[in-house]
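So the structure is just underneath, and the comments pick up after that.
Laboratory data are not the source of any read-out in this text; all were calculated from the coordinates shown. Predicted, not measured: the structure shown is a model, and the values here were computed from it. Quick reminder, even Gly has a Cβ in these numbers, built from the backbone with ideal geometry, and neighbours come from all protein chains shown.
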Amino acid sequence: MQMPFCLWDRNKAPPTPENHVAIHGTVVVSCHFGLSVPGKTTTLRLFSGTQIDHNTGKGRLSLEFPLRGGKKTKHGAGKTSTMTYQVTFFVDPDFGTPGAVVVKNGLKNDQFFLRHVQLQLAEDRGLHFECNSWVYPSKKTNSDRVFFVNTSYLPDKTPEALRLLRDEELRSLRGTGRGERKDWESVYDYDIYNDLGNPDKEDHARPALGGNAILPYPRRDGVTETRKHVINLDFYIPPDERFSPTKLAEVLTLAVQAVTHFVVPETKALLHGDAVNSFKSVEQLRRDLYGKATPEKPQPPAVDGMVMDKLRDSVPSHKTYKQVNKMVKETPVSSESSDGCGADDLEAWRTDEEFAREMLAGLNPVVIKRLEVFPPVSSGGKTSTITTRHIHGRLEGLTVEKALVQNRLYILDHHDYLMPFLKRINTLGVCIYASRTLLFLKDDGTLKPLVIELSLPGDGVADDDISRIFLPATQGPDGHLWQLAKAHVSVNDSGYHQLISHWLFTHATVEPFIIATKRQLSAMHPIHKLLEPHFKDNMQINTLARSILLSAGGILERTMFPGKYAMEMSSAIYSQWRFTEQSLPNELIKRGMAYRDGGGGLSLHVADYPYAVDGLDVWRAIEGWVRGYCAHFYHSDAAVAGDRELQAWWDDVRHVGHGDRRGDAAACWLELDTVAHLADSLTTLIWIASALHAAVNFGQYGYAGFMPNRPTRCRRFVPMPGSPEMAQMEADPEKFFLDTVPDRFTTTLGLALIEVLSNHTSDELYLGQRATSAWTDDGEVLLLLDRFREELRRVEKKVTERNGDPRLKNRRGPAKVPYTLLFPDVGNVGGKEKGSPERHTQQRLHLILVYMRAWTASSCYTYYYYKFNDYILDMIYH
């Protein structure tokens, strides 16, 4: 560790050179485990923001000042360890007002994280430079870092002295598009999804997604990577998109604990021959996975040695490993865990009421649609086998026609997008149907399922699909068949949730916006400042997901039913994606769940629709904030149309990042030619990246933590009448059910995953929050932000009141799980299943995925050989 020192008393300012003026300030650097803090070889200079050096066309430069001394301090809400330096810059008397600071890292090897620079000018004036960026040694980068004052400027309002610096910054971030990226390079570029497969390994070839009409996809960050480890925690993404070392260690700790708690005991039992493929009963499932420690099921250790050994081999930094090891030992794993859904009523998951309620207030409340035509008709024109006789007499006295007119019939439709893939999916050792579930809106505002249709493709002849109809029942064989049919529907919904609602719609489609923002909008641009907190950690999480979750043989392929066809299926769904339809009001209208009333407002057909009711309150709050913010900077439509950086950003998003949707551009995008269109587009983007993501991510343990409620794949089809399988079901219905849903190992693997994904980390940013109050010096913008926060607090109060209203039966349901996924949590209370964190500090990352792959490289190969023959061979080759 390099120790700081100074050549004069750190409490006294250095002497002022003749004919110069002194500007005093402070520099704050985060202290990260194992990294040196900057010392005298690191220097800073100031660029004037008002006076031009006519030889360079840029602002005048101050003399260099080395960082000397330094005092240990704490900063931020989390009391981050920092080092604070007192600095003094010497400038000419006519230097003017500083507009940028230049930082040169003189350390030999270590980067440091620069939080901010604060200057004190005469007459009690201060200037703040919000940096929050990694600064790498100049001997590696061959350049210095420039940070701008926290004043927002549109391009044509930028002070002349800063214009060249602004343009140079953006050119540097765009890069040249050539060569292999180094860790210290900060370059943002686009590429297709050509990194998911490995054609050199049997059954690991995967098609490239994006760049063609057959398999369209959003672009990812594009680089040529150097992969130093088979289990890849060491890959290139721009430095400022990475987790901090502390956050990385925290998330890895969560992953280690989840694996130790759920997966290691199951694996050891399997290796010793003490476990079977399926749970014997639901009670055994509860006891084995969530029960208290017993002599038969002892308290798990704080950390499993095998787990830590594999982690040490996988992380790129030994310093990170040491920190994780320390954190794990300080926070031992609890032996008792909630089983998520149905905590107050252990049988709630079996009820039709809870099955239907979760379509409105569960983990995936974004699929249910109002039925407009009966019987349902597929996109190809084929009519469903559901007929009037299947639902007659179950509509509270209404005819089907009247129920349609009164907007009382709804459908959960997992049919059309699945049918083209089912034959291939069902060759992978799973038993999957396409499903349609019809529901009726009762007088008390709840939904009840009417009928389930499960379909399989025929032998290739037109219109020869094989469909079966299942009706609600509670007793006898029909009751058992109904439970199996609901399980198959839940499997469809689980796969769509994780792959489409979560990954595609809130991760993959957002990444091009992040890349375009960094490439085309200067850090001084007000829209850059508006969007920045909503993009936090997204790119690192997406990269990890591609490497571990979505890749050939990855966790998603091994736990979710689409298997190796998952990404190809998501490409087919992306081919119909439109950004304009992602706004909450438009999305609800598209699904027929809402309509524009006579006054131009939005009304819901299902009044007690928790996701939509809470979501619209959050949407309106975001919309008000964004409209006020845009109006503050853009005083006319011409100002929007004439903003060259903004227009370049929108072109990048539409024509490159989402270039595969250019053929539908008129319907897919608004033109950024008015202030209103800009505000609408930004509101939609912020909604997706914050609230929508919270709604489909943070409830994963709460709803899917109990596997029978949200199974991810099926191993058996529903038995046919008179078959041997029907006899097996009738003899032991619970065993047949548990032999149908995921096996023990897949269940524990999935639990470890969602335990990590559902957690909030300590540096979480919540909607309406900023990492620091000094992110802007614009007092009016700060007032607008305060109003936004007050509106979010009003939303919190409404959500709390609704959850306490017994008339709103969909808020809690039989499971007694209140709907809090869109609770803004402005006060940063945190906790599982609550709060709407700013995007991507979010997902307890998919580092569990990274870690799980490391773990599977262990002796559990034996089990994997029997479970996944091809997978084990692939892992052995590693």
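Values as computed for the structure displayed
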read-out	value
Cα centroid separation, segment 670-694 to segment 464-527 (Å)	22
Span from the segment 364-437 Cα centroid across to the segment 184-206 one, whole angstrom	37
Gain in span if fully extended, Asp464 to Lys72, counting 0.36 nm per residue against the direct Cα distance	133.8 nm
Label zone at Asp637 (point 7 Å along Cα-to-Cβ), backbone N below 17 Å, segment 658-672	670-672
Charge-dipole axis of segment 128-216 as Lys and Arg at +1 and Asp and Glu at -1 on Cβ define it, positive-most pick from Leu173, Gly197, Ala208	Leu173
Förster radius 25 Å - calculated FRET efficiency between Asn277 and Asn212, Cβ distance, rounded to 0.05	0.05
Too-long pairs where the Cα-Cα distance tops 29 Å, listed order kept, from Lys40/Lys140; Lys201/Lys486; Lys536/Lys797; Lys201/Lys735; Lys402/Lys590	Lys201/Lys486; Lys201/Lys735
Estimated dipole of segment 21-149 in Debye, rounded to 20 [Cβ of Lys and Arg +1, of Asp and Glu -1, Cα centre]	640
Where the Cα pairs of segment 21-149 fall when distances are cut into 10 Å bins, in %	13, 45, 32, 9, 1
Virtual spin-label span in nm between Glu801 and His655, 7 Å along Cα→Cβ	5.0
Translational diffusion of segment 598-754, µm² s⁻¹ [Kirkwood Rh, Cα pairs; Stokes-Einstein; 10 °C; 1.306 mPa s]	78
Debye log10 I(q)/I(0) at q = 0.09, 0.11, 0.14, 0.21 Å⁻¹ for segment 544-678, Cα point scatterers	-0.42, -0.63, -0.94, -1.21
Simple label model, 7 Å out from Cα along Cβ direction - Asp444 to Thr176, nm	7.0
Overall Cα dimensions of segment 384-470 - principal axes, largest extent first, Å	44, 23, 19
At R0 = 56 Å, FRET efficiency that the Cβ-Cβ distance of Asp144 and Ala572 yields, to 0.05	0.75
Taking only Cα atoms of segment 530-573, radius of gyration then Dmax in Å	12.9, 39
For segment 93-177, radius of gyration divided by Kirkwood radius, i.e. Rg to Rh on alpha-carbons	0.99
Fewest-first sequence of Thr509, Thr776 by Cβ atoms within 10 Å of each Cβ	Thr776, Thr509
Residue exposure sequence - Cys668, Cys131 - by fewest surrounding Cβ within 10 Å	Cys668, Cys131
Selection from Leu107, Val117, His24 lying farthest towards where the dipole of segment 21-149 points positive, charges on Cβ	Leu107
Where labels lie 7 Å past Cα in the beta-carbon direction, separation of Glu168 and Val373 in nm	6.2
